[in-house]
Amino acid sequence: MDQARSLARGGFPSFSDWKRFDGLVTEIADLNEEIEEIEGATMSKLEVRGKQYGAPPLGPPPHDSLGYSGSESQETKEFRAAFQSYLRLGGAEMRAEQRALLAEHRDMGTGGMGAYPGATAGFFVPVGFVKEVEDALKYYGPMLDGGEGMPFLLDTDTGQPLPYPAADDTSQVGEQINENAPVTTQDVNLQMVMFGAWKYSTKLVKVSIELLQDSAFDIESFLATEFGRRLGRIVNTKTTIGVGTVEPFGIVPAIVAGGNIVTAVGCFSNDGVGGANTIGSDDLTNLEHAVDPVYRPRGRYMMNDATLKALKKVKDKFGRPLLWQEGTREGSPATVNGYPYLINNDMDELQTVPSSPTVTRRTMIFGDLSKHAIRRVKQLSVLRLSERFADFGQVAFLGFARYDSNSLDIGHRAQALLQNVF
């Protein structure tokens, strides 16, 4: 295309230039046809995959809170419009073709006539709505932030039991052998970590009929914010301190089960005063070295905000913070003992007053947090309750989502936990 434009702007083209221009135009047309064929085949495969797993029509994420960009497919537009009608009007008052469109995608789900196991009405939501809920959910805790050194997010389309392989071969080394000598057999320590899909609800979110009828009221953004806020708190709590078996296996109980625990001695060696209800530089050093060196470069601290406050108060003899350091360059984040840190208020606070019997507080985690996995079932469903609060002139909405978490650190070397006994 650039070559053709250059020839067209060249003034008085020669015969050879015109011939070259015609050839370029033909080549452009051929390439456009090839591109369209590839894009068509790719989207066809994605749509088939989405239907196999009961997912809504695939489409681009929303470009703002009010809708999608103009490049979305016609099928996605129709599905989104049908979902908006369901939110505002309910299934009974929707147009028949819109109701049929939502019912078609609902029946492609995990079975039954509901959008969710156990539901009798309601529908899966468009992928853009799911994304908005996830963005709001991340605000309420670090466990679902994702990224390097963060808990590993395992997204699945359905919620059936999922075995996930985990290996621990760090204790094995190769061998030197003589000529014509046989090699030794040593299998890899490979285990399967099982993930389920625990169900969580947003509880009822009530909206007045007047607001629903007001076209200026963005019902989708409102529900995304409310659903994200409520799911965010419960999911962060369960993936942090859930005990497993009857709920997700949180990162704190998982490290406790692995036994990689460091008991704090306090900051007495720093200030000559602080005891077991404090955290000193020796405690952080012991905690870091409880993690295998191969995992330390990706290490992060995670703690309650009250624990961070206590760390900031540990100072050297010149009155400067000893454990907490400002970023060395403009825009760089602060660190704890040279490592990034996360605030997770679902972890224990420091015990500030003595108790009898003594109390154990699990105050800090250090290590490669990506060795803890969180499973998210990407299907999010919404139910509209039209009758329950009709006498108040209100309509209630209810969202369902499924999560689980478990440790992939089967060797118990990637993460360590600091506890204070006071």
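The values are calculated or read from the model by the stated rules, or taken from the named source; none is laboratory data. Computed from a predicted model, the values in this text were never measured in an experiment. Here Cβ is always computed from backbone atoms with ideal geometry, including for glycine, and neighbour counts include all displayed protein chains.
In this structure, is residue 305 assigned by TED's automatic domain parsing to the domain that holds residue 279, surrounded by 15 or more Cβ atoms within 10 Å (Cβ to Cβ), under 22 Å from the mean Cα position of the chain (by Cα) and of a type in the set (Asp, Glu)?
Numbers: assigned by TED's automatic domain parsing to the domain that holds residue 279: yes; surrounded by 15 or more Cβ atoms within 10 Å (Cβ to Cβ): no; under 22 Å from the mean Cα position of the chain (by Cα): yes; of a type in the set (Asp, Glu): yes.
When the stated conditions are applied, residue 305 does not pass them.
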TODO: Assess whether residue 327 counts as being more than 24 Å from the chain's Cα centre (by Cα), of a type in the set (Gly, Ala, Ser), at pLDDT 90 or above and in the same structural domain as residue 303 (by TED's automatic domain parsing).
DONE: no
Open item on the list: Yes or no: segment 314-326 includes at least one residue that is touching a residue at least 40 places away in the same chain (Cβ under 8 Å), within 20 Å of residue 367 (Cα to Cα), loosely packed, with under 15 Cβ neighbours inside 10 Å and not hydroxyl-bearing (Ser, Thr, Tyr).
Closed with: no
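Condition first: touching a residue at least 60 places away in the same chain (Cβ under 8 Å) and either on the phi > 0 side of the Ramachandran plot or assigned to a loop (DSSP other than H, G, I, E, B) (or both). Now tell me which residues in segment 186-214 satisfy that.
Kept after step one, since they are touching a residue at least 60 places away in the same chain (Cβ under 8 Å), are these residues of segment 186-214: 189, 191, 193-210, 212-213.
Residues satisfying the conditions are 189, 196, 197, 202, 203, 204.
Determine whether residue 400 is assigned by TED's automatic domain parsing to the domain that holds residue 209 and buried (at least 22 other Cβ atoms within 10 Å of the Cβ). Walk me through how you get there before you give the answer.
Working: assigned by TED's automatic domain parsing to the domain that holds residue 209: yes; buried (at least 22 other Cβ atoms within 10 Å of the Cβ): yes.
Yes; evaluated as a whole, the condition is true for this residue.
When only residues in segment 128-166 that are in contact with a Pro (Cβ under 6 Å, 6 or more places away or on another chain) and more than 15 Å from residue 301 (Cα to Cα) count, which is surrounded by the fewest Cβ atoms within 10 Å (Cβ to Cβ)? Steps first, answer last, please.
Applying the first criterion (in contact with a Pro (Cβ under 6 Å, 6 or more places away or on another chain)) to segment 128-166 yields 128, 131, 143.
Filter again for more than 15 Å from residue 301 (Cα to Cα), leaving 128, 131.
On the way: 128: 22, 131: 15.
Once the filter is applied, the top-ranked residue is 131.
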Open item on the list: Based on this model, can you work out whether residue 256 counts as assigned to a loop (DSSP other than H, G, I, E, B) and either more than 20 Å from residue 339 (Cα to Cα) or among the basic types (Lys, Arg) (or both)?
Closed with: no
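If you check 275, 232, 228, which single one turns out to be outside any strand (DSSP E or B), of a type outside the set (S, T, N, Q) and farther than 30 Å from residue 132 by Cα? Give the steps one after another, and end with the answer.
On the way: 232 fails: farther than 30 Å from residue 132 by Cα; 228 fails: farther than 30 Å from residue 132 by Cα.
Answer to the selection: 275.
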